[in-house]
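The values are calculated or read from the model by the stated rules, or taken from the named source; none is laboratory data. Predicted model only: the values in this text are computed from it and were never measured. Here the Cβ positions follow ideal geometry from the backbone for every residue, glycine too, while neighbour counts run over all protein chains shown.
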Amino acid sequence: MQTAIAEEDPGAGTVLELAIPLEDAASKARIGEELRSCVVHALKTKDNRCWRPYNVVRTNMPPFLAKWFPQWREAKKVRRSAASWVCARAGSFETPGTVLAEYARNDPAQRIRRMVSWAVGSYGLVTARDSQLMLPALADPNPHIRSAAVKWFSMTKISPETVVPVLVAGLEDDAMRSDYAAALRAYGPQAKFVVPSLVELSRAPRRDTASVATWALVSIDPEGAGKHFREEGMR
């Protein structure tokens, strides 16, 4: 468990995924408790100034001496691995959201705070502070991070005045325009103030952009969308 969670070892993770369903109810409960304990322990791992010099010394030792000195994994990597584990199982991993929230809001690494905040969102435990943490991720160069942020806001549906315009701009994102459209649909009537922009995008020359804009528009303002399409048909 520690290897899978703290070291992000895909082999160990696969073994766990395959083994857990084969256990009886009592064993599954014990495994679940151990998994939660491992995650929390990993997320609580503190940065240590001695880590770098220790590893420099160990790396430069003769092999016959180095083998007696245990490997010391960087604290940030341990926390990031645990955050990744939780994110991959957001909503199904039975760790209380309140426990995750503590580390989501206090970890010194922004990326880790963002990842755990996304998992926290799946438990419905969100605050305005979380939205400020997740908002920059909507424009992250990495599409996986953008996707995580879009899903987070789809679940929380907070700060529409700030988030919805970013989602509209995302309809022209070739990597994941449908995800942005789905998030707009999740906001529903809260996104009515961008209807004129969606109407304009529904006339875009690119069919894929026009299609997702229309899809979002129909969900946000069905009556207005119907009127728009009737007017379009009369032209």
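Details
- Residue ID - farthest from the chain's Cα centre (by Cα), chosen from residues in segment 204-221 that are aliphatic (A, V, I, L, M) and surrounded by fewer than 18 Cβ atoms within 10 Å (Cβ to Cβ): ALA204
- Unique residue being over 25 Å from the mean Cα position of the chain (by Cα), touching a residue at least 12 places away in the same chain (Cβ under 8 Å) and crowded, with 18+ Cβ neighbours inside 10 Å when the list is LEU184, LEU167, LEU171, LEU201: LEU201
- Test result for LYS28, part of a helix (DSSP H, G or I), farther than 22 Å from TYR103 by Cβ and among the basic types (Lys, Arg): yes
- Filter pass, VAL120 being in a loop (DSSP other than H, G, I, E, B), on the phi < 0 side of the Ramachandran plot and surrounded by 13 or more Cβ atoms within 10 Å (Cβ to Cβ): no
- Filter pass, PRO63 being at pLDDT 85 or above, more than 19 Å from ARG114 (Cα to Cα) and not β-branched (Val, Ile, Thr): yes
- Consider segment 149-164 and keep the residues that are part of a helix (DSSP H, G or I) and among the β-branched types (Val, Ile, Thr). The one that is nearest to the chain's Cα centre (by Cα) is VAL150.
- Matching residues in segment 33-58 - criterion: being part of a helix (DSSP H, G or I) and within 22 Å of the chain's Cα centre (by Cα): LEU35, ARG36, SER37, CYS38, VAL39, VAL40, HIS41, ALA42, LEU43
- Segment 132-145, subset part of a helix (DSSP H, G or I) and touching a helix residue (DSSP H, G or I) at 6+ places or on another chain (Cβ under 6 Å), residue surrounded by the most Cβ atoms within 10 Å (Cβ to Cβ): MET134
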